[in-house]
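All remarks here apply to the structure that follows.
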Amino acid sequence: MSSALLYAIAGVLLFAAGAAGVVMLDHLLRRVLAFNIMGSGACLVLVGLAQRSGIPDPVPQAMVLTGIVVAVAATGLALALIRRLHAQTGRVDGKGEEGRDKGETVAGLTLPVPQAVAGQGRDD
């Protein structure tokens, strides 16, 4: 087994572990970390399989470097959004408040449904 294949297999395992974390975890910070692990796995697969007759190909390596820069920027944005959510709601688990009688669930967050303004509701 070559070292390139070993990197690719490790990348696939990291990608699978990250994907499982994104799907199964409720805490938003842990989801961001799992997403970063998933991205690291994709980078390992690209680096591991980027060879032409035993010589490393520079194009996939450049793509991996670009992907790392994009991943850092996306992680910073995600962490800023999580911090803002925490400042506004005091929660970072992606769930709405327990015991709400009305609400709409969108992407794991429970949003309040606007109440009808007096006189604009349904006529009974």
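The values are calculated or read from the model by the stated rules, or taken from the named source; none is laboratory data. On a predicted model such as this, the values are computed, not experimentally measured, just so you know. All Cβ positions, even for glycine, are placed from backbone atoms using ideal geometry, and neighbour counts span all protein chains on display.
Would you pick out the residues in region 28-71 that are of a type in the set (A, V, I, L, M) and within 27 Å of residue 85 (Cβ to Cβ)? Answer for region 28-71, where residues must be of a type in the set (A, V, I, L, M) and within 27 Å of residue 85 (Cβ to Cβ): 28, 29, 32, 33, 34, 37, 38, 42, 68, 69, 70, 71. Within region 1-42, the set of residues being over 24 Å from residue 77 (Cα atoms) and assigned to a helix (DSSP H, G or I) comprises 3, 4, 5, 6, 7, 8, 9, 10, 11, 12, 13. Select from region 13-28 the residues that are β-branched (Val, Ile, Thr) and without any contact (Cβ under 8 Å) to a residue 12 or more places away in the chain and list them in ascending order. Residue satisfying the conditions is 23 alone. For region 62-91, residues that are farther than 30 Å from residue 27 by Cα and at pLDDT below 90 total 0.
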